[in-house]
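Report on the structure given below.
The values are calculated or read from the model by the stated rules, or taken from the named source; none is laboratory data. Nothing here was measured: the structure is a model prediction, and the numbers come from that model. No Cβ is skipped: glycine too gets one built from the backbone with ideal geometry, and neighbour counts run over all protein chains shown. Accessible surface areas use protein heavy atoms only, side chains included; no ligands, DNA or RNA. Shrake-Rupley method; radii C 1.70, N 1.55, O 1.52, S 1.80 Å.
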Amino acid sequence: MVVQETIPAGREMLIGVQRDVQFGPTIACGFGEILVETLNDAAVSLSPVDIAGSLRMIKSLEEFRLL
């Protein structure tokens with residue numbers, strides 16, 4: 001796994017993977033810290049996700065404009 005800084009300092013993103021009993025591996029993304037819980041703003045998709053799918057997930061977030 002490679003982790004690379006790609007957004008301006010001071011902003012955090014949440015990236016998570018979970019194996020759902022019904023759907024198998026799922027991927028979630030959202031803004032970190034309190035935003036993901038306070039705003040309930042996260043995107044979830046079935047795995048695997050390609051680059052276009054990843055961009056769709058990120059752009060679907062209500063707080064996308066912060067990037």
(request) Take the Cα of T26, step 7 Å along the line toward its Cβ, and report every residue of the stretch 37-67 whose backbone nitrogen sits under 13 Å from that point. (result) 42-47
(request) Could you tell me what percent of the accessible area of the chain is made up of carbon and sulfur, with a 1.4 Å probe and every protein chain present? (result) 56
(request) State in Å² the accessible area per residue of the chain; use a 1.4 Å probe, count heavy atoms of protein chains only, and round to the nearest integer. (result) 82
